[in-house]
Amino acid sequence: MKALLKRDWVLFRRGLIPALILSLLLGLASGLAAYAVIQSAKENAAPVKVAVVDEEGGLLSRMAVNLVSTQSFIASLMDMQQTKRAEALNGLSSGKYGAVIILPKGYTDHVRFGTPGTGQILLSRAAAASADVVASLARFGELLLAAGQYGVFAGEKLMQEKGVSPEFYQYFLDKSNDQLFDQAFSIYDYGMSRETAPYSGSGVSTEAYYAAAWISFFLLLSGLFFASLYTTDVKKSLLTRLYSLSLRPGHFLAGKLLYPFLFRLPVLAGLLILLQKYLPLKITLPSLLSACLALLMSVCLISCAGVALSRRKGWQGLLMGLVSIGLFLCGGLIPRSMLPGWLTEIGRFTPFGAVLSGLKPLWGGALDWLSLLAGLLVTVLVLQAALKHLKTMPQKGEE
């Protein structure tokens, strides 16, 4: 057994320098690709272009529109552009605008004097799925506006009943309107709590998800750098001698699992330390255990598959293709938010999805037990295939 481990160490050491160089290149390429996909995913959440049709067009109306559109929390969600009705409707049809807001003539008087008045919000087909959200927000804004109006009107009525002086009455109106403006423009900061939702149902932020996805890609693909470790000794003559010395297929696999694991472990630790500056880790015992399990799965999947397919030509390309397909299905190549739900669901139950699921708790994500169990099942099947190949290959002879 010691001689076999020593032999595997020699084979591993021969490929170590090329593996380090290839790992550096793969890590650089993966980092750049992940950055590009993250930027693409964020562009989908860019402010929506909204056309504002101000049919009143007066000074007070233009001031109101400009004042609202320049608020930071509004500008982060909507890029409001004032246009004519015909231009806005054409832009809505062509996809230039995601929505059109039509403010009718006299709407400022309706607001100032509390008389009934209505505007229109037209949504594009792409935004039509969010119509209920838009309607809820509009009703919420209407309720806030009405509450402020009723407060001022109640105060006016009280002033009139008490017969206060015109000076005090004007002072009341000025003070009330000032407070209403202050509350309207500070409610986002003081009246609302902000919470960042996980990216597209992944349970973690956008950056953390793509970091986990591309680290998974690296962990799986880097195992192919040691192809000679898996294939050189899979020969009838050598296996026959080993079995005659009471060694078993499991003994033969030991070094082919151990050394690739020892190669990946410090690389993974280095990547996490590097990312810690930008993506703070949630280091807990469960998150470390799940990450170690993901690492073990990546080692076992590639090493055992390499041994099981060692007598087949082009097995490296096959495994590289399967890993890339897993990356695609999990949204690592095309933003997850742009893929059909059923496609990402398939990716969830691939071995790649299982490794990815094991890494997500490092950034506060929940462990997907079903995905992990599916990955462990595939890992066991690949391990059994490697053991079966090592056991039966000497009986079949050389290819």
Probe radius 1.4 Å, ligands and nucleic acids ignored: give me the carbon and sulfur share of the accessible area of region 234-306 as a rounded percent. 75
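By per-residue mean of other Cβ atoms within 10 Å, what is the highest-first order of 143-153, 359-369?
Highest-to-lowest ranking by the protection proxy: 359-369, 143-153.
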Taking the Cα-to-Cβ direction at TRP369 and at VAL164 and moving 7 Å from each Cα, how far apart do the two end points lie in nm? 6.4
Amide H to amide H under 5 Å from GLN82: which residues, 5+ apart in sequence or cross-chain, H placed 1.01 Å off N in plane? VAL52
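Kindly report the accessible area of region 229-366 per residue (heavy atoms of protein chains, probe 1.4 Å, no ligands, DNA or RNA), in Å².
With all protein chains present, region 229-366 gives 46 Å² per residue.
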Sequence-distant lysines (8 or more away, or on other chains) whose Cα lies within less than 29 Å of LYS235: LYS2, LYS6, LYS256, LYS313, LYS388, LYS391, LYS396
Net lengthening on full extension, MET338/ALA147 (0.36 nm per residue, minus Cα-Cα): 64.7 nm
In Å, what Kirkwood hydrodynamic radius results for region 324-399 from the alpha-carbon pair distances? 14.1
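The values are calculated or read from the model by the stated rules, or taken from the named source; none is laboratory data. Worth saying up front: this structure is predicted, and the values here are computed from it rather than measured. Note: ideal-geometry Cβ built from the backbone for every residue, glycine included; neighbour counts use all protein chains shown. The accessibility values were calculated without ligands, DNA or RNA, using every heavy atom of the protein model including side chains. Shrake-Rupley method; radii C 1.70, N 1.55, O 1.52, S 1.80 Å.
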